[in-house]
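A.B. asks: The structure under discussion is supplied below as structure tokens; questions concerning it will follow.
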């Protein structure tokens, strides 16, 4: 009887240990699956650089990939995107003021040159600050795929235009372009500024409405 009891006891321990290993293995599998779904399949380069699985913040331990940390990151994302929107409105207002001042400057009111230049520097700072808020924000949990053309896609497409235009506006405010040797620096700067303003204002409007 004792032999049967001992055999039963040791077999039970073995089965329990096996079941426990299988249970723990399943938990680790679930944890791995959860970890893999904490990030969207596709991210823009700047987001992946900081927030990807092998991003800078993951490698340095500043922001380890976990459910709790991702919840914090989503709060940071919300603040950054709202800041991007507010800074965008301020930048647009600055562009309008700069455009009005620039028009008067072209009409001969040269005393406005320093003010126009200073305002341009402020607009450049707010523009690239707002762009950074969008480019380096933590990614969402899931990147939704929307069929067809919509306001978000239009906003992103216009971003390529006004981003390039902002760089060109600043470059052509300082020197002539080798691509357009027969066009004056002043005209190149003006055309780039118009294109930048038009695409930027449209981007703000389509995202709003």
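The values are calculated or read from the model by the stated rules, or taken from the named source; none is laboratory data. Note that the coordinates shown come from a computational prediction; the quantities given were computed from them, not determined experimentally. Cβ: placed from backbone, ideal geometry, glycine included. Neighbour counts: every protein chain shown.
A.B. asks: Considering 168, 159, which residue is buried (at least 16 other Cβ atoms within 10 Å of the Cβ), under 30 Å from residue 70 (Cα atoms), modelled with pLDDT of 80 or more and touching a helix residue (DSSP H, G or I) at 6+ places or on another chain (Cβ under 8 Å)?
C.D. replies: Working: 168 fails: under 30 Å from residue 70 (Cα atoms).
After ruling out the rest, the residue left standing is 159.
A.B. asks: Evaluate the range 83-91: report whether one residue or more is within 20 Å of residue 130 (Cα to Cα), in a helix (DSSP H, G or I), more than 14 Å from the chain's Cα centre (by Cα) and in contact (Cβ under 8 Å) with a residue 60 or more places away in the chain.
C.D. replies: yes
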